[in-house]
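The values are calculated or read from the model by the stated rules, or taken from the named source; none is laboratory data. Since the structure is predicted, the reported quantities are computational estimates derived from the model, not experimental observations. In this analysis, Cβ positions are derived from the backbone assuming ideal geometry, glycine residues included, and neighbour counts consider all displayed protein chains. Calculation scope for accessible area: heavy atoms of the full protein, side chains included, ligands and nucleic acids excluded. Shrake-Rupley method; radii C 1.70, N 1.55, O 1.52, S 1.80 Å.
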Amino acid sequence: MAVTIRTGKTDDLEALLDLREAVAGEGIWIAAEMPIDREGDRRKHRETIESEDGSRVMLVAELDGTLVGSLAMLTARGVGDLGMNVASGHRGAGIGAALLGEATDWARAAGVHKVELEHWPWNHGARALYERFGFVEEGYRRRQYRRKDGALWDSVLLGLVLDEDAPGHPERASEPPRRQPS
Ligand SMILES: CC(C)(COP(=O)(O)OP(=O)(O)OC[C@H]1O[C@@H](n2cnc3c(N)ncnc32)[C@H](O)[C@@H]1OP(=O)(O)O)[C@@H](O)C(=O)NCCC(=O)NCCS
């Protein structure tokens with residue numbers, strides 16, 4: 001049976017938290033760590049699902065009535081920030097691409113001019129998916145995130161510009177990044 005991509009409902013909350021918990025339990029893909037804060041995450045997921053101002057969206061992937069993937073996008077000042085999960089037994093089957101396709105469609109329709117996200121440097125599968133959609137690296141964030149065990153993990157910042165038509169600064173539309181003196 002084909003996977004259905006749809007917006008999340010309040011009834012999906014526990015399955016969404018189960019998926020998040022399972023992926024966090026893998027320990028290497030997402031920022032959330034075990035034990036996840038189920039209460040806090042439920043509140044944030046509920047806010048996203050029940051939001052009516054068009055500033056955020058929760059998409060879910062459903063297969064035979066089971067929730068197997070999710071993607072949340074929160075926007076601020078026209079920039080969407082996304083996070084996504086596909087259940088471990090269902091990866092590599094096009095579900096991530098289907099979610100991301102819907103999410104970029106949603107973002108364009110919502111007037112979002114850019115989408116950004118971060119991934120861990122070793123998450124090559126996620127990186128390949130994002131690059132397939134046109135995301136490019138915008139920064140390497142060394143020792144950016146403190147983990148529960150005290151370690152500091154690097155992250156990679158990616159961006160996807162959706163609005164290439166709006167003008168930039170009249171005289172300084174684009175400047176190459178400044179290099180540190182060697
Ligand atoms: C990253 C993730 C969302 C991708 O979802 P997915 O359903 O497995 O991805 P898809 O099957 O839709 O793959 C789409 C494309 O992404 C790329 N890709 C995905 N996984 C890949 C992998 N392990 N290795 C190489 N390329 C991969 C490929 O380009 C693929 O296209 P192709 O199948 O035509 O080659 C999923 O693996 C996942 O949830 N991982 C754990 C959580 C996570 O990492 N979340 C993102 C945090 S930044």
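Extension gain, Glu21 to Ala97, is 25.2 nm, computed as 0.36 nm per intervening residue step minus the present C-alpha separation.
Around the amide H of Arg141, modelled in the peptide plane, lie the amide H atoms of Ser155, Val156, Leu157, all under 5 Å away and 5 or more residues distant in sequence or on another chain. Apolar share of the accessible surface for the stretch 1-152: 48 percent from carbon plus sulfur atoms, 1.4 Å probe. Can you check what the net charge comes to around Phe135, using other residues whose Cβ is under 10 Å from the Cβ of Phe135 (Lys, Arg +1; Asp, Glu -1)? Residues near Phe135 contribute -2 overall. Looking at the chain alone, DSSP beta bridges between its own residues are antiparallel in about 90 percent of cases.
Multiply the residue separation of Leu63 and His124 by 0.36 nm, subtract the distance between their alpha-carbon atoms, and state the gained length in nm to one decimal.
Numbers: separation 61, 0.36 × 61 = 21.96 nm, distance 2.51 nm.
Contour length minus the Cα-Cα distance gives 19.5 nm.
Multiplying the residue separation of Asp163 and Ala2 by 0.36 nm and subtracting their alpha-carbon distance yields 54.8 nm. Taking all Cα pairs closer than 8 Å and separated by 6 or more residues, the relative contact order of the chain comes to 17 percent. The HN-Hα couplings worked out from phi for the stretch 67-76 by the Karplus form 6.51 cos²θ - 1.76 cosθ + 1.60 (θ = phi - 60°) are 7, 10, x, 8, 8, 10, 10, 10, 10, 8 Hz, whole numbers, x standing for Gly and Pro.
Apply 1/(1 + (r/R0)^6) to the Cβ-Cβ distance of Glu138 and Thr10, taking R0 = 35 Å, and write down the FRET efficiency to the nearest 0.05. Between Glu138 and Thr10 the formula returns 0.50.
With every protein chain present, what is the per residue accessible area of the stretch 65-180 (1.4 Å probe, Å²)?
Result: 62 Å² per residue.
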